[in-house]
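Single-structure report; data block below.
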Amino acid sequence: MKKAVVIFAVLALMLVPIFAEEVGPFYDQPIFITSAGQSPGALQMSVLARAVQLTHVFERVLSAEEIDMSDIGTVIIVAGASGKGLGAAGIDTEVEIARVLGIVEKAKESEIPVILVQLEGAPRRGPSSDQIVEALIPFTDFLIVKLDADEDGFFTDIHEEHEIPILFFERTNDVREILRNLFL
Amino acid sequence: MKRFQFIMVLCVLLLIGQGIFSQGALPFLPDVRPGYGVTGMVWLSDYFPSIRNTPMDTRVYFLESGKEGATFLLFGGVHPREIAGTSAAIVFIENVIVTRGRVIVIPFTNSSGFSIPDELGSSSHFLEVEGKSGPRILVYGDRRTSLEDQGVEDPELYIHYPTGSVVGAGDESRNLNRAFPGKIDGTPTQQLAYAIMELIRQENVDFNLDMHESDTPEQVTLPGGQIHQGGRLAYMLVCHPSGLEIGALALFEVEDQGIPMKLEESSIDFRGLSHREIGDATHCISFLSESPNPGQDRWRDQPLVLDDPKYPIEHRVGMHFEVIRALIESFALFTGKEIHLEGLPSEKELITFGIGAYLN
């Protein structure tokens, strides 16, 4: 509980410059949404984006070579490793990391911002998911994280060490408001 | 002459005897006390007569509004030990009134599995609950069709029909949730799955929910010092790919009711499960929900399958109800086909008043 208060205090300080002094949108549409780890979180993000009426495309397994970045305003990567999802896609964690690294590297070449999202909370934490997050951090401009995924301070440490802005949320439905604030 | 007459009488007696036996017997019939919302009851064998007069037949309840809308099939008891699914179906039948669209409910989907106690031995076969009209009995059955009702020995390995994939050990041939889409001339378990598919086809079901339970997510240290990781299935909604977005949206609403759940897509690699095969073989969008049942934790000595302080039956039934409510809303948003319900208790109401307050 004490930790949650600290996190929200950090959050509040960050939100002031993000949402109070400046007027959005902070990121451009259309949004390219993909998974990093093939959990269903990316699809959930796509449903949330649709609910907020954001222009977006959702692709699970496209490689960088297959994506035309010329029309993309922002890339959202939803991190979460699923053995079942990776198996269904016929790939392993290493191949998946290589795929999403290709996408974020291409985004950076085109100066397109990358938002990394941990949408599914504590159940979607684990060695493979953390490995994916750590690989993507050097290319990440903004973090959106479900609060219970940070019980060990993993994302807070990343935020502090890499000075990447971070927003925490408690309920998945709260992400609608975050998307509105960032994109509308 | 006398000898001829004796043989004739014997033949007649044999024929009569055969007639009696060929009529068979009713399946196992636990207590259900339908409420005013139930507009009809049929047998599953009405959709596939081969299971009539066999232990595989079961009752099917209709709750129809008479107003245009979606058709939703709700079933519990595919695995009869997963008692929250069955209890949710019973409470639904005894309380809910449908005011738009229609709902079809099968509370004891694998009747045969209900007729025998759970092989894990974690619970009594019959559990008493105080209902509104006095004591009610909830049945805690086994996971599978009884060997006697299956009528054949388990094979060494169970091979799924029609894909030919090896699903598991031979006793899984009696697991209804490995038997979909069934087989018209198959084993009794395969025929039961086939009958459910026939109901879905003949009633033009739009979407369905198959309510299950699994071990709890509790992580515990066992007496030998080993760490037991909690089960990963509990609090999960599994969706056929055609229903993944509907399921995703539904779970946001369930989470808003204080029950965070995980979304999972049906795998093409695991065959015979309702959420995969129903969705593949029909236009019905198929879902499966999992609540946490302490009776399925093998590390517990004497699990409380109804009154566990952390996972009481009210919470588990309520979880399924929150999923039902959210799925119906989400399905309507995506398809425009609605179902309106009255009298479905929330998880909070169930916990406040107890499940007995919703048993007639």
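The values are calculated or read from the model by the stated rules, or taken from the named source; none is laboratory data. Source: prediction; values computed, not measured. For neighbour counting, all protein chains shown are included, and Cβ atoms are generated from backbone atoms with ideal geometry for every residue, glycine included. The area values use the complete protein model at the heavy-atom level, side chains included, leaving out ligands, DNA and RNA. Shrake-Rupley method; radii C 1.70, N 1.55, O 1.52, S 1.80 Å.
Figures for the structure shown
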read-out: Cα gyration tensor shape of chain A, rounded if a/c is under 1.5, else prolate or oblate by comparing a/b with b/c; value: oblate
read-out: Total accessible area lost when B and A pair, probe 1.4 Å, Å² to nearest 100; value: 1600 Å²
read-out: Whole-percent carbon and sulfur share, accessible surface of the protein assembly as shown, 1.4 Å; value: 54 percent
read-out: Region B:229-360: relative contact order as a whole-number percent, Cα under 8 Å and 6+ apart; value: 25 percent
read-out: Delta accessible area of at least 30 Å² on complex formation, residues of region B:260-290, 1.4 Å probe, chain isolated as reference; value: B:Lys262, B:Leu263, B:Glu264, B:Glu265
read-out: Members of region A:118-149 that become less accessible by 10 Å² or more once partner protein chains are added (1.4 angstrom probe, chain alone as reference); value: A:Pro123, A:Arg124, A:Lys146
read-out: Per residue accessible area of region B:2-358, 1.4 Å probe, in Å²; value: 42 Å²
read-out: Region B:82-156: GluC sites (Glu not before Pro) in DSSP loop, at most 16 other beta carbons within 10 Å; value: B:Glu119, B:Glu153, B:Glu156
read-out: Charge sum, other residues only, whose C-beta stays under 12 Å from B:Ser274's C-beta, Lys/Arg counted +1 and Asp/Glu -1; value: 0
read-out: DSSP-defined antiparallel bridges as percent of all bridges, the protein assembly as shown, nearest 5; value: 40 percent
read-out: Loop-located GluC sites (Glu not before Pro) in region A:34-72, at most 14 other Cβ atoms within 10 Å (DSSP); value: none
read-out: Complex-versus-alone comparison for region A:33-56, residues with a loss of 30 Å² or more in accessible area, probe 1.4 Å; value: A:Pro40, A:Leu43, A:Gln44, A:Val47, A:Arg50
read-out: DSSP beta bridge pairing in chain A, given as percent antiparallel to the nearest 5; value: 5 percent
read-out: Net charge of Cβ neighbours under 12 Å - reference B:Val254; Lys, Arg +1; Asp, Glu -1; value: -3
read-out: Surrounding net charge for B:Gly343, when Lys and Arg each add one and Asp and Glu each subtract one, Cβ distance under 11 Å; value: -3
read-out: Highest-first arrangement of B:29-41, B:133-145, where packing means the average Cβ count within 10 Å; value: B:133-145, B:29-41
